[in-house]
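Everything on this sheet refers to the single structure shown next.
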């Protein structure tokens, strides 16, 4: 069973900031390489990733940024979402929600975030740790 997931930008930032290679954020990103997760994205999401990851306060290397962006393009699935009309506490997060909702019509898709409170309470909106449990249960 293929699992699809939209990655909130904060998950990618956390995965690059941590020194702990067993951190759920690192593990869940690695599941893309392992083939357990197919990342979902739109051009707007890729633009957000690029903008945030290049912020000077993070000091991420260009190689690390390009590796992540290439991984999403190579292993991921581009989605053109339709408007949901959903009102979120942080409307900048709407694109992540709309992409996951577009794919949920066909398949199991999740939104992985470190900011659960920014989204409606739904079983498919999960933390990185919860996503790792879902992956383990599907093996």
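Below are the figures for this structure:
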| read-out | value |
| --- | --- |
| Single residue of region 103-117 satisfying the filter (touching a residue at least 40 places away in the same chain (Cβ under 8 Å) and surrounded by 15 or more Cβ atoms within 10 Å (Cβ to Cβ)) that is farthest from the chain's Cα centre (by Cα) | 103 |
| Failed item, numbered, when residue 122 is tested on (1) exposed (fewer than 15 other Cβ atoms within 10 Å of the Cβ); (2) over 21 Å from residue 1 (Cβ atoms) | (2) |
| Single residue of 68, 40 found to be under 21 Å from residue 130 (Cβ atoms) and in contact (Cβ under 8 Å) with a residue 40 or more places away in the chain | 40 |
| Any hit, region 97-110, residues being more than 25 Å from residue 33 (Cα to Cα) and part of a helix (DSSP H, G or I) | no |
| Count - residues of region 125-137 that are surrounded by 12 or more Cβ atoms within 10 Å (Cβ to Cβ) and more than 9 Å from residue 110 (Cβ to Cβ) | 6 |
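Quick note: the coordinates plus some simple rules give every number you see, no bench work behind them. It should be emphasised that the depicted structure is a prediction, and the values quoted were computed from it without experimental measurement. A quick note on method: Cβ atoms are made from the backbone with ideal geometry, for glycine too, and the neighbour counts reach across all protein chains shown.
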